[in-house]
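Working notes, beginning with the structure itself.
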Amino acid sequence: MENNRSKQQKKRKKSKESILAFKKELRAMMLEPIYGENIKDIITRLTSKLEEMAESYGYEIEFPERAKKDIEGDIYYFVYPIKVKTRHGSKKINLEVQYMIYDEGKWMGVITEVK
């Protein structure tokens, strides 16, 4: 009976890794514009920034094939459900990004929300 109880206690003590510091760093990037020639260019730059940041924490990031999007005139709103793989499992983060034309065909992307 004692041996059985200790096995159950050991199972409960599985470690979970918090991605709170990673999320804080993402939030620090909020409202920091990323410039590019088009949306695809900005997405590429944003993706590489996020991958570099994740590697510094020892995480892997899995991006969705498609994002939820909403369009209002020249402003595009994208929601990316990103999967962050840690050593102990995976967590999901919703990253909301707004893309807009700011000057004669030049584009700007801004992270507006990290959930």
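The values are calculated or read from the model by the stated rules, or taken from the named source; none is laboratory data. All values derive from a computational prediction rather than experimental measurement. Note: ideal-geometry Cβ built from the backbone for every residue, glycine included; neighbour counts use all protein chains shown.
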Only one residue in ILE101, ILE61 is β-branched (Val, Ile, Thr) and over 14 Å from PHE22 (Cα atoms), so which one is that? ILE101
Among the listed residues GLU32, GLU113, which satisfies the condition of being closer than 22 Å to ALA21 by Cβ, touching a residue at least 40 places away in the same chain (Cβ under 8 Å) and touching an Asp or Glu at 6+ places or on another chain (Cβ under 6 Å)? GLU113
Can you find a residue in the stretch 26-49 that is at pLDDT 95 or above and more than 17 Å from ILE111 (Cα to Cα)? no
Condition check for GLU60: within 11 Å of the chain's Cα centre (by Cα), more than 18 Å from MET29 (Cα to Cα) and touching a residue at least 24 places away in the same chain (Cβ under 8 Å): yes
In the stretch 101-115, residue surrounded by the fewest Cβ atoms within 10 Å (Cβ to Cβ) [restricted to those that are closer than 11 Å to PHE78 by Cα and not charged (D, E, K, R)]: THR112
